[in-house]
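> Submitted below is the structure of interest, expressed as structure tokens.
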Amino acid sequence: QVQLVESGGGLVQPGGSLRLSCAASGSIFSIYSMNWYRQAPGNQRQLVAGITGTGITQYADSVKGRFTISRDNVKNMVYLQMNSLKPEDTAVYYCNAYLPGRSSWGQGTQVTVSS
């Protein structure tokens, strides 16, 4: 099982940028698909972006062109660069490590986009 710790959330004005980081430990990181999810109050948790062990990425339509997911398999890190942030991006962001039959979650980091 892999343990995950997110960091980098905070308060930012609309149009601003944040970079979320997720540190992984405890397993062979490179074989996991890594994902960022978010959950706003009253809403279901939704997939924001994902990256396979070989670097194939996918994005939710709402963040395409604004967010970029990346990973460093040497440092056991995954990142989410968020640009042109909007108030509707406000949520708790969770890092997820996935293999079929296995899924690990971090504790989440709050992102608030407000003027």
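> Taking the solvent-accessible surface of protein heavy atoms with a 1.4 Å probe, what is the per residue accessible area of the chain in Å²?
I get 51 Å² per residue for this part.
> Give the separation of the Cα centroids, the stretch 1-52 to the stretch 57-115, in Å.
4 Å
> Return the FRET efficiency for the residue pair GLU88, SER30: r is the Cβ-Cβ distance, R0 is 35 Å, and the value is rounded to the nearest 0.05.
Once the sixth-power term is evaluated, E becomes 0.60.
> Okay, moving on. Could you work out what % of the accessible surface of the chain is carbon and sulfur, using a 1.4 angstrom probe and leaving DNA, RNA and ligands out of the count?
Using a 1.4 Å probe with all protein chains present, the chain comes out at 49 percent carbon and sulfur.
> Net charge near ARG66, counting Lys/Arg +1 and Asp/Glu -1 over other residues with Cβ under 15 Å of its Cβ?
+1
> Inverting the mean 1/r over all pairs of different Cα atoms, compute the Kirkwood radius of the chain and quote it in Å.
Result for the chain, one decimal place: 14.0 Å.
> Hey, another quick one. Where does the charge balance sit around VAL12 when Lys and Arg score +1, Asp and Glu -1, over other residues with C-beta under 15 Å from its C-beta?
+2
> For every other residue with a beta carbon closer than 15 angstrom to the beta carbon of CYS22, add +1 if it is Lys or Arg and -1 if Asp or Glu, then tell me the sum.
Charge balance near CYS22 sits at +2.
> Could you work out how far apart the two model spin labels at TYR98 and GLN58 are, taking each label as a point 7 Å from the Cα in the direction of the beta carbon, and quote it in nm?
Calculated label separation equals 0.6 nm.
The values are calculated or read from the model by the stated rules, or taken from the named source; none is laboratory data. Just so we're clear, the structure is a prediction, and the values are computed from it rather than from any experiment. Glycine gets a Cβ as well: all are built from the backbone with ideal geometry, and neighbour counts include every protein chain shown. Ligands, DNA and RNA are excluded from the accessible area calculation, which covers all protein heavy atoms including side chains. Shrake-Rupley method; radii C 1.70, N 1.55, O 1.52, S 1.80 Å.
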